[in-house]
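Q: Take a look at this one; I'll ask things after.
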Amino acid sequence: MSSKSAFIGLVFALCLGLVALFQPIPASAQTGDVQYIKIGTGGQTGVYYPTGGAICQFMSRGQRNGEHNIDCKVESTGASVFNVNTIRSAPDHMYLGIVQSDVQYQAFNGVDQFTAAGPDPNLRVLANLQSEAFTLVARKDANIAIFDDLVGKRMNLGDPGSGNRNTLELLMQEYGWTPETFKLATDLKPAEMAGALCDNKIDAYVYVIGHPNGSLTEATSTCDSIVVPVTGPKVDAFVAKYPFYPPTIVPGGMYKGTDADVPTFGPKATLLVHAELPEEIAYQVTKAVFGNLEELKNIHPALSALTTENMLEGSTIPYHPGALRYFKEVGLTVK
């Protein structure tokens with residue numbers, strides 16, 4: 001080989017080496033494959049959306065600190081029923097949802113509105129969140145003093161696919177009511193309800209929610225409206241029939257026009273997943289929730305009463321193995 005050829009060969013080899021040296025390293029080689037999860041919540045005026053956002057913030061912090069490589073996104077959805085159906089149908093099972101405990105129970109057992117779809121024994125829970133109240137809000141001039149007074153009124157039944165509507169329809173069955181029971185039955189979303197009430201387009205709406213809540217604050221401060229008690233023999237029979245609806249109250253003094261505690265009933269919010277969600281992801285999400293509990297409690301006043309103890313009480317379906325792994329690691333006992 002001539003000296004000229006040798007020189008050219010050396011230059012070529014050096015160039016190949018430099019190209020290899022400066023090639024970008026694939027992300028999977030740098031930090032491991034990113035795993036993407038999405039948390040379905042509810043309307044942006046409720047508690048679910050900021051709760052899901054906070055959980056994703058905690059997960060992002062853990063990702064930055066090198067604890068895992070899970071990318072978390074929050075999504076505003078139609079709430080409980082929508083979230084359950086998405087968890088059931090998502091092909092990769094990387095979808096989590098905040099869901100009312102009653103809807104969770106019904107989907108797991110294939111009862112009530114899930115009778116046609118059948119039971120889904122693959123649903124799992126990571127944590128119970130805040131208690132919620134079945135909250136009836138009415139215009140004062142509609143003369144609605146108790147739940148029974150809704151007959152013949154203009155009533156918002158709620159967004160189809162939401163826990164609000166599901167719970168209301170179950171109670172309507174106990175009363176023997178149908179949408180025709182009302183003068184008008186609408187299906188407004190949470191963000192639309194207070195405005196419709198104060199614009200005199202409806203007389204009342206139900207919101208199954210933790211308190212305080214922005215929609216109720218808007219309704220009671222913008223127009224003359226009140227929180228109505230939901231009690232009576234039919235309600236007592238309903239609560240006895242569905243033990244995941246324990247009696248509760250809407251605290252007095254929280255909303256203008258409602259000074260005393262208002263009795264009602266309500267489920268809990270839960271963080272629901274599919275059994276096939278990878279155990280490590282379930283573990284890391286559970287760790288993010290419980291490990292940042294004090295910060296989570298400050299996200300919304302409805303979360304302020306959360307404790308590690310009450311977050312492990314009253315689950316209506318089994319916990320995910322990843323959650324159980326975290327509980328065992330930190331010495332928590334499921335009740």
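The values are calculated or read from the model by the stated rules, or taken from the named source; none is laboratory data. Everything numeric in this text was worked out from a predicted model, so none of it was measured. Please note: Cβ atoms are built from the backbone with ideal geometry, for glycine as well, and neighbour counts cover all protein chains shown.
Q: Checking residue 89 against (1) within 20 Å of residue 279 (Cα to Cα); (2) among the polar types (S, T, N, Q); (3) touching a residue at least 12 places away in the same chain (Cβ under 8 Å), only one condition comes out false. Which one?
A: Failed condition: (3).
Q: Any residue that is touching a Lys or Arg at 6+ places or on another chain (Cβ under 9 Å), surrounded by fewer than 22 Cβ atoms within 10 Å (Cβ to Cβ), at pLDDT 95 or above and not basic (Lys, Arg) - is there at least one of those in region 242-263?
A: No, that holds for no residue.
Q: Here's a follow-up. What residue, among those in region 96-150 that are β-branched (Val, Ile, Thr) and part of a loop (DSSP other than H, G, I, E, B), is farthest from residue 226 (Cα to Cα)?
A: Top of the filtered list is 115.
Q: Moving on to the next point. Of the residues in region 85-100, how many are among the β-branched types (Val, Ile, Thr) and over 10 Å from the mean Cα position of the chain (by Cα)?
A: Qualifying residue count, region 85-100: 2.
Q: From the residues in region 209-234 that are among the β-branched types (Val, Ile, Thr) and more than 25 Å from the chain's Cα centre (by Cα), which one is surrounded by the most Cβ atoms within 10 Å (Cβ to Cβ)?
A: Looking at residues that are among the β-branched types (Val, Ile, Thr) and more than 25 Å from the chain's Cα centre (by Cα), I get 226.
Q: Give 117, 142, 79, 107 a once-over and let me know the one that is crowded, with 18+ Cβ neighbours inside 10 Å, over 14 Å from residue 166 (Cα atoms) and of a type outside the set (D, E, K, R). Outline the logic, then answer.
A: Working: 117 fails: crowded, with 18+ Cβ neighbours inside 10 Å; 79 fails: over 14 Å from residue 166 (Cα atoms); 107 fails: over 14 Å from residue 166 (Cα atoms).
It is 142.
Q: Here's a check for you: in region 122-161, which residue that is touching a Lys or Arg at 6+ places or on another chain (Cβ under 8 Å), closer than 30 Å to residue 285 by Cβ and small (Gly, Ala, Ser) is modelled with the lowest pLDDT?
A: This residue is 131.
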